[in-house]
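The numbers here are math on the coordinates, done by the rules we state, and not lab data. Here the structure is a predicted model, which means the values were calculated and not measured. When we count neighbours, we look across all protein chains shown, and the Cβ atoms used for this are built from the backbone with ideal geometry, even at glycine.
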Amino acid sequence: MSSVDFPRRELFQQRERDYLLSNVKVSMRSAVENIEVGDLKVEKLREGETAELPRWVAEEFASLGLAEVTEEPFETEILKSLSREKMIGAFQLSNLAPDFYLRMKRRLAYLRDAARAGRVRKEDYERLRASSYDLIGIRLGKLLSLSSSSTTLSAIADKLTPEEKVFFATSQSLTKEWRTTLLGEKA
């Protein structure tokens, strides 16, 4: 592992922890009461009740069939994002939510495991995986083009996720170093 990989990996791990600790709305399928995990205490939630819980708790409740996370299905969001990205120009980027890639990674992992266990069709996982690869490829291509131009990070920062900001800064630095090496002068 290179020295560049460590800070990037640490950043991604911290972002994932923050994401899991963020609150999400759930609709209770069953009643629960007197649940205590660390600092979290759930006194009482009734069936049909809506509550905000840390994402990791909501996901555990959902996996046990106790609750349903009430968010737009990620499959819909990625298809909208992919369509937007294809429609705009080669040097333009659409906005992605800061937690977009975190949600994508978690949804893919869930569908992969659910497909292996026979709870969802393998085609559903493969379709989301293909759309994810398409979107990542399109955005990486645009980011590489922009990083080798005179575009600054501050000019496009509002359109980028934190992961893309790291990628853009790294590729911009590598591009400058490459030019300097090829031209023998400061580029």
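Tabulated data
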| quantity | calculated |
| --- | --- |
| Distance cut-off 22 Å, percentage of C-alpha pairs in the chain lying past it | 59 |
| Cα-centre dipole for the stretch 131-187 with unit charges at Cβ (Lys and Arg positive, Asp and Glu negative), debye to 20 | 120 |
| The stretch 4-101: chymotrypsin sites (Phe, Trp or Tyr not before Pro) in DSSP loop, at most 12 other beta carbons within 10 Å | PHE91 |
| Within the stretch 56-187: Cβ-based charge dipole about Cα centre, in debye rounded to nearest 20 (Lys, Arg +1; Asp, Glu -1) | 440 |
| Max mean-square fluctuation residue, GNM over the chain, Cα-Cα springs under 10 Å, options LYS25, LYS165, LYS41 | LYS41 |
| Two-site FRET efficiency, ARG116 against VAL42, from Cβ-Cβ distance with R₀ of 35 Å, rounded to 0.05 | 0.70 |
| Residues of type aspartates and glutamates that LYS86 reaches as a straight line, Cα spacing below 18 Å, ignoring anything fewer than 8 places off in the same chain | GLU75, GLU77, ASP134, GLU164 |
| Restricting the stretch 1-81 to GluC sites (Glu not before Pro) in coil, as DSSP defines it, with at most 14 other Cβ within 10 Å | GLU47, GLU49, GLU71 |
| P(r) tail fraction, the stretch 87-187 - alpha-carbon pairs more than 18 Å apart, % | 57 |
| Cβ-Cβ FRET estimate between GLU68 and GLN13, R0 fixed at 22 Å, reported to 0.05 | 0.20 |
| Calculated FRET value between GLU123 and MET87, using beta carbons and R₀ = 22 Å, to 0.05 | 0.25 |
| Surface/4 estimate of mean projected area, convex hull on alpha-carbon atoms of the stretch 107-158, nm² | 4.4 |
